[in-house]
Amino acid sequence: MIICGHCQDRHATVTAVRACSQGIQVTPCHWLVDCGYDEDGGMIATACGADSYTTDYGWRCTAGHSHVSAEVRAAEGWDYVTEDEAAGYLKNTGRTPVLMNGHTWTP
C-alpha cells in the first residue's frame, strides 16, 4: 500500500495515487466477482474492493474492471447488452450492441 500525499490515505497502486492527487475521488470497486459456490451450489460473489476512480469515459478500477458512462455510450452510438432480445432491438435502432466483456454482440 502506498500512502497518498494528497489525502494521506493508503492506495494499492500508483495509478490510484495519481488519480487521487488530481482530485479524483478514489473508492472501492463494487464490481461483483465470483468467489466460488456455497454448499447448496449457489454462486458466492463479493465486491472487487480494488481502488476505483472516475475518468472522462466512465470509471475503472486497478484490478481491470471498467464501465463506460451512458452519456459516452450514447455519443459513440453503442450500448451494453446482456440478452439476445435486447441486442436485436438495439441493433435495429442503429446502435452497436456490446456485451459486458467488451466484445460486440453478433447474432
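The values are calculated or read from the model by the stated rules, or taken from the named source; none is laboratory data. Predicted model, so just to flag it, every value in this text is computed and none were measured. A quick note on method: Cβ atoms are made from the backbone with ideal geometry, for glycine too, and the neighbour counts reach across all protein chains shown. In case anyone asks, the SASA skips ligands and DNA or RNA and just uses the protein heavy atoms, side chains included. Shrake-Rupley method; radii C 1.70, N 1.55, O 1.52, S 1.80 Å.
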Legend entry - Hits in region 1-12 - residues which are open to solvent by 40 Å² or more (accessible area, probe 1.4 Å) and in contact (Cβ under 8 Å) with a residue 40 or more places away in the chain: Ala12
Legend entry - Of residues in region 63-91 being part of a loop (DSSP other than H, G, I, E, B) and open to solvent by 50 Å² or more (accessible area, probe 1.4 Å), the one modelled with the lowest pLDDT: Glu83
Inset, instruction - Could you please tell me which pairs satisfy a Cβ distance under 8 Å, a separation of 6+ or placement on different chains, a first residue in region 13-28 that is open to solvent by less than 70 Å² (accessible area, probe 1.4 Å), and a second residue that is part of a helix (DSSP H, G or I)? - result: Val26/Ala16; Val26/Ala19; Val26/Cys20
Legend entry - Residue tally, condition closer than 18 Å to Ala70 by Cα and open to solvent by 40 Å² or more (accessible area, probe 1.4 Å), over region 33-58: 4
